[in-house]
Amino acid sequence: MVNKALTYIFILPALLSGIAVSAQQGDVHLHKGNQDYAAKDYKDAADEYQKALTDKSAAIQGKFNLGDAYYKQGQYDQAVGAYKEALALTKDKTLAAHAYHNIGNSLLQQKKFDESVKAYENALYNNCKDEDTRYNLAYAQAMLKQQQQKQQQQQKQQQQKQQQKQDQNKDNKDKQNKDQQQQPQDKQISKQDAQRMLDALNNDEKNTQDKLQKKKAVGKKEIEKNW
């Protein structure tokens, strides 16, 4: 499915005589901006639309067309801002539908699918017969669903990685504890126990010496008796 991403632009009729000079200047800048826009010179078009904003009677068209010029330059945040400013200046449902449609397009380009869906819904609220908006809404909804599924999948994978890491840490800890249990444990003995052990060794050595002395004495008596 390909997004049509339609934009709307006001093309003003030929200038009328008998209007104020300030209004003429606003219309002149709008007309020049439209010419630049048609020639795909979107930067100069934006400059002309900015100049048209000094005339209140041209402010709505200027803001709306400025949003179009920003959109064509890929400046989507600025485009959304300009469209919203145009919305604040009018109660015309047709203009509101067009502005919300273009806001939806700008958000769609930024992959802000949730916000773009809401913008298209607002556009249809103001003009329920706009099939282009209905098409873009369906596209944005499909992309939003795809985005949510991808986020859920990434979240699931992240949770699995965390669980694997926790299991590995637990296995390492269990192995470490098992190795420690298999190793001989050094026992700490008190000073009194050490002294008793030392005394016992000394007693054993003394007993051994006494036995040796007795054996030597017996051996001597036997030798003397034979003589």
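Karplus-derived 3J(HN,Hα) values for the range 148-165, using 6.51 cos²θ - 1.76 cosθ + 1.60 with θ = phi - 60°, are 5, 5, 5, 5, 5, 5, 5, 5, 5, 5, 5, 5, 5, 5, 5, 5, 4, 5 Hz; glycine and proline are entered as x. Rg then Dmax, both in Å and based on the Cα atoms of the range 36-125: 12.6, 36. Alpha carbon centre of the range 143-176 versus the range 39-98: separation in Å? One Cα centre to the other: 46 Å. Within the shell defined by Cβ-Cβ distances under 13 Å, the residues around T94 carry a net charge of +1, with Lys and Arg each +1 and Asp and Glu each -1. Taking a threshold of 23 Å on the Cα-Cα distance, which of the pairs K111/K150; K43/K112; K111/K165; K56/K84; K43/K93 fall above it? Distance filter (> 23 Å) returns K43/K112; K111/K165; K43/K93. Checking the cross-link pairs K40/K63; K72/K129; K32/K91; K51/K129 against a 29 Å limit on the alpha carbon distance flags K51/K129 as lying beyond it.
Which value in Å does the Kirkwood hydrodynamic radius of the range 66-196 take, with 1/r averaged over all unlike C-alpha pairs and then inverted?
Numbers: mean 1/r = 0.0515 Å⁻¹.
Answer for the range 66-196: a Kirkwood hydrodynamic radius of 19.4 Å.
First select every other residue whose beta carbon is under 13 angstrom from the beta carbon of F64; then total the charges, Lys and Arg +1, Asp and Glu -1.
Result for the neighbourhood of F64: -1.
Judged by the mean number of other Cβ atoms found within 10 Å, the most tightly packed of the peptides 122-130, 135-143 leads the ranking 135-143, 122-130.
Where a number appears in this text, it was derived from the coordinates with a stated rule and is not lab data. What you see is a predicted model; the values in this text were computed from it and never measured. Here the Cβ is made from the backbone with ideal geometry for all residues, glycine too, and neighbour counts use every protein chain on show.
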